[in-house]
Ligand SMILES: Cc1cc2nc3c(=O)[nH]c(=O)nc-3n(C[C@H](O)[C@H](O)[C@H](O)COP(=O)(O)OP(=O)(O)OC[C@H]3O[C@@H](n4cnc5c(N)ncnc54)[C@H](O)[C@@H]3O)c2cc1C
């Protein structure tokens with residue numbers, strides 16, 4: 001086929017969904033069949049489920065950043081930058097590259113997989129004072145921040161300052177928040193032994209959630225057992241409670257308690273990437289409304305999947321949509337690639353269907369809970385399943401070896417609690433890590449594309 005007439009496939013986002021889709025396209029399409037382009041701000045795929053272990057120093061940041069250029073067989077053209085708008089009618093994606101230049105990328109087929117960002121609410125002070133747990137930079141920043149709280153508390157002679165530096169609040173009792181609180185509590189619990197001037201009883205971790213239970217997906221018995229593990233380790237769990245306001249040195253809970261703290265970690269859910277709103281198309285709670293084949297109705301050649309799309313959950317039925325998990329995103333990536341190939345070859349597409357395999361939750365050390373295929377597990381066996389699952393799910397062998405070796409080293413030699421100092425002097429905010437203010441409005445996208453187009457005529 002002539003290079004000029006080869007269809008252009010543009011994949012946005014190199015996460016679980018995007019990378020799986022690209023790899024399948026590379027394998028199943030010959031170079032003559034299509035141009036494949038991937039737009040991504042980073043040169044790696046982030047294995048998000050292990051982010052709390054980076055924050056707690058069990059793993060190094062590099063070990064969960066899976067290279068996009070590992071093999072010389074990879075032939076996809078990669079544009080380093082972020083999509084800031086999509087004009088569905090003109091079939092143009094507007095991209096801001098790493099250098100800040102805005103470029104237009106025309107496509108014949110687009111696969112939207114930009115994932116999600118931290119969901120926030122209109123709570124005074126929240127976006128200024130909370131950290132999220134969604135990016136590698138955030139996890140590394142939080143680790144430095146937590147260790148610096150111990151360093152500063154140790155050096156301080158002011159009891160009020162010490163108290164506020166040694167209390168930590170995590171909001172969100174889903175698996176991300178629970179793992180974050182559990183792993184970081186282990187970090188401070190182990191680190192405090194290296195600070196003989198600090199009273200360990202001053203260190204307090206709070207895990208709060210507006211829901212009546214932690215991780216409801218685990219079922220009542222297993223959820224309770226995770227809760228007992230955490231309480232035994234001294235984590236104070238408050239349910240039916242959220243944040244009323246957040247300040248630089250204290251957080252006010254909705255039950256009226258005021259907790260002196262300089263560490264508020266917000267993991268109360270996710271919302272689709274702001275890129276989705278630039279399309280001006282129908283959404284379901286912010287996720288792009290797509291068919292079971294993951295196509296956008298009314299537009300040819302538009303696919304969306306993963307956290308950013310509301311994909312019907314046919315295995316559950318009753319109008320349910322797939323939850324935002326890596327388990328679904330990976331499998332949807334494969335199905336979208338197959339459906340795109342079917343479209344190119346004038347074959348019928350197939351709907352996405354996958355029955356949830358369950359959940360694994362690493363609470364650090366020997367503590368874990370898991371529910372693989374409905375089987376309830378707790379303690380060491382659950383930890384073995386959890387870690388085995390992650391090793392199996394990681395895409396590259398080198399990442400598996402790096403992570404496995406780090407676990408082993410950490411179990412044998414522990415942590416040195418080194419603060420790298422990469423943390424900027426100016427406190428970073430949610431939007432700095434997640435670039436939520438980088439996007440255009442639907443009108444700006446249309447005006448930009450129209451202007452660029454007329455300029456070329
Ligand atoms: C702490 C934590 C723990 C988790 N644990 C589990 C677990 O145990 N099991 C599980 O199944 N799921 C887990 N998840 C959820 C899981 O990580 C997500 O559901 C999954 O990553 C979604 O895949 P995705 O491809 O849609 O998005 P992502 O994997 O987030 O990928 C999106 C990609 O798009 C890129 N991107 C974003 N915006 C743009 C843009 N404008 N232009 C170009 N690229 C863009 C991002 O940089 C990223 O590379 C966890 C999540 C977190 C945060």
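Applying the Kirkwood pairwise sum to the alpha-carbon positions of region 57-145 produces a hydrodynamic radius of 16.6 angstrom.
Please work out whether region 158-256 counts as rounded, prolate or oblate from its C-alpha gyration tensor, where a ≥ b ≥ c are the square roots of the eigenvalues and a/c under 1.5 means rounded, while otherwise a/b larger than b/c means prolate and anything else oblate? The partial results should precede the final answer.
Values: a/c = 2.64, a/b = 1.36, b/c = 1.94.
Oblate, since a/c reaches 1.5 and b/c is not below a/b.
Rg and Dmax of the chain, based on Cα coordinates, read 22.8, 74 Å.
Subtract the Cα-Cα distance of residue 428 and residue 376 from 0.36 nm times their separation in residues, and report this length gain in nm to one decimal.
Working: separation 52, 0.36 × 52 = 18.72 nm, distance 3.95 nm.
Residue separation times 0.36 nm, minus the Cα-Cα distance, leaves 14.8 nm.
Would you mind computing the Rg to Rh ratio of region 82-219 from its alpha-carbon coordinates, Kirkwood style for Rh? Don't jump to the answer; show the numbers that get you there.
Working: Rg = 20.8 Å, Rh = 18.5 Å.
Using only Cα positions, Rg/Rh for region 82-219 is 1.12.
Against the chain, whose longest principal axis comes from its Cα atoms, helix 380-393 is set at around 30 degrees. When each of the peptides 332-342, 283-293, 124-134 is scored by how many other beta carbons lie within 10 Å of its residues on average, the order from highest to lowest is 332-342, 124-134, 283-293. Solvent-free Debye calculation, one equal scatterer per alpha-carbon of region 96-177: log10 I(q)/I(0) at 0.11, 0.26 Å⁻¹ equals -0.53, -1.32. Residue-normalised convex hull volume from the C-alpha trace of region 189-331: 185 Å³ per residue. Protection proxy ranking for 301-310, 362-371, using the average of other Cβ atoms within 10 Å per residue and placing the highest first: 301-310, 362-371.
In summary, the convex hull built on the alpha carbon positions of region 260-362 has an orientation-averaged projected area of 9.2 nm². Computed over region 1-56, the P(r) tail beyond 15 angstrom holds 57 percent of alpha carbon pairs.
The angle separating the long axis of helix 442-456 from the principal Cα axis of greatest extent in the chain is about 40 degrees. Ranked by the mean number of other Cβ atoms within 10 Å of their residues, highest first, the peptides 389-396, 405-412 come out as 389-396, 405-412.
Based solely on its DSSP helices, what 222 nm [θ] is calculated for the chain when runs of n ≥ 4 H residues each add -39,500 (n - 2.57) and the sum is averaged over all residues, nearest 500 deg cm²/dmol?
Values: 12 runs with 149 residues, N = 457.
Counting only the DSSP helices, I get -10000 deg cm²/dmol.
Quick one: 448, 328, fewest Cβ neighbours within 10 Å first, how do they rank? List each step's numbers first, then the result.
On the way: 448 18, 328 23.
Listing 448, 328 from fewest to most nearby Cβ atoms yields 448, 328.
The shape of region 330-457 comes out oblate: with a ≥ b ≥ c from the C-alpha gyration tensor, a/c is at least 1.5 while a/b does not beat b/c. Binning every alpha carbon pair distance of region 178-220 at 5 Å from zero, what are the percents per bin? With a bin width of 5 Å, the distribution comes to 5, 18, 22, 18, 13, 10, 7, 4, 1. Quick one: helix 16-28 against the long Cα principal axis of the chain, what's the angle to the nearest 10°, folded into 0 to 90? Helix 16-28 sits roughly 40 degrees off the main axis of the chain. Extension gain for the segment residue 148 to residue 201, taken as residue separation times 0.36 nm less the Cα-Cα distance, is 17.3 nm to one decimal.
Order by neighbour count: 270, 398, fewest other Cβ atoms within 10 Å first, most last.
Going from sparsest to densest Cβ surroundings: 398, 270.
Taking Rh as the Kirkwood radius computed over C-alpha pairs, what is the Stokes-Einstein D of region 224-286 at 25 °C in a medium of viscosity 0.890 mPa s, expressed in µm² per second? Provide the component values of the computation, followed by the final result.
Values: Rh = 15.0 Å.
Once the numbers are plugged in, D ends up at 164 µm²/s.
Bear in mind these aren't lab numbers, they're just calculated from the coordinates by the rules spelled out. Note that the coordinates shown come from a computational prediction; the quantities given were computed from them, not determined experimentally. A quick note on method: Cβ atoms are made from the backbone with ideal geometry, for glycine too, and the neighbour counts reach across all protein chains shown.
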